[in-house]
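The values are calculated or read from the model by the stated rules, or taken from the named source; none is laboratory data. Predicted model, so just to flag it, every value in this text is computed and none were measured. Backbone-built Cβ (ideal geometry, glycine too); neighbour counts: all protein chains shown. Keep in mind that these areas ignore ligands, DNA and RNA; they rest on the heavy atoms of the full protein, side chains included. Shrake-Rupley method; radii C 1.70, N 1.55, O 1.52, S 1.80 Å.
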Amino acid sequence: MNNETQPPSPRERFYRRERRSVPAARAFAREALAAWGVRERADDVVLCVSELATNALVHGVPPGRCFLLRLLPCGDGVRVEVHDSGDGVPAVPQADVREPGEGGRGLLLVSELADKWGVGERDPGKVVWCELGVLSSSE
């Protein structure tokens, strides 16, 4: 992040339950990171946005509803939050339970890329979040 006297402002946007929302969320994240001067781990942040947004669309957003993507500066990193009104608590699938195929890898990727991640309650629904440090130890 830029070493400015004032931290960057959080960014947020609502997305409809439609396929084009995921690429739009990725583009929004890239724009926010560029405006904040974040280069390091930007691809990791965008991949986490993509996976969390996809999970919200597939599992968390009831028909006719939206999800909220929020990007916040946190310390020397970025916090990604995806808020949806669906029920259920997402979890990383266990290796011995995972079915072959394309699905089920989103939270596994997030858990590997992010420094921290979790699920919080909201009414209605939940917020799935992750945090990634964006400054290397050499900076």
For this session: State, to one decimal in nm, how far the label point of ASP87 lies from the label point of ASP43, with both points 7 Å from Cα in the Cβ direction.
Result: 4.1
For this session: Can you tell me how much longer the chain between SER111 and ALA35 gets when fully stretched, taken as 0.36 nm per residue apart minus their C-alpha distance, in nm with one decimal?
Result: 24.8 nm
Exercise. From the square roots a ≥ b ≥ c of the eigenvalues of the alpha-carbon gyration tensor of the stretch 1-63, which class results: rounded (a/c under 1.5), prolate (a/b over b/c), or oblate?
Worked result: prolate
For this session: State, to one decimal in nm, how far the label point of VAL119 lies from the label point of ARG13, with both points 7 Å from Cα in the Cβ direction.
Result: 2.7
Problem set entry | Surface share of carbon and sulfur [accessible, 1.4 angstrom probe, percent] for the stretch 22-75 | 54
For this session: Sort GLU12, GLU51 from largest to smallest accessible area, using a 1.4 Å probe on the heavy atoms of the protein chains.
Result: GLU12, GLU51
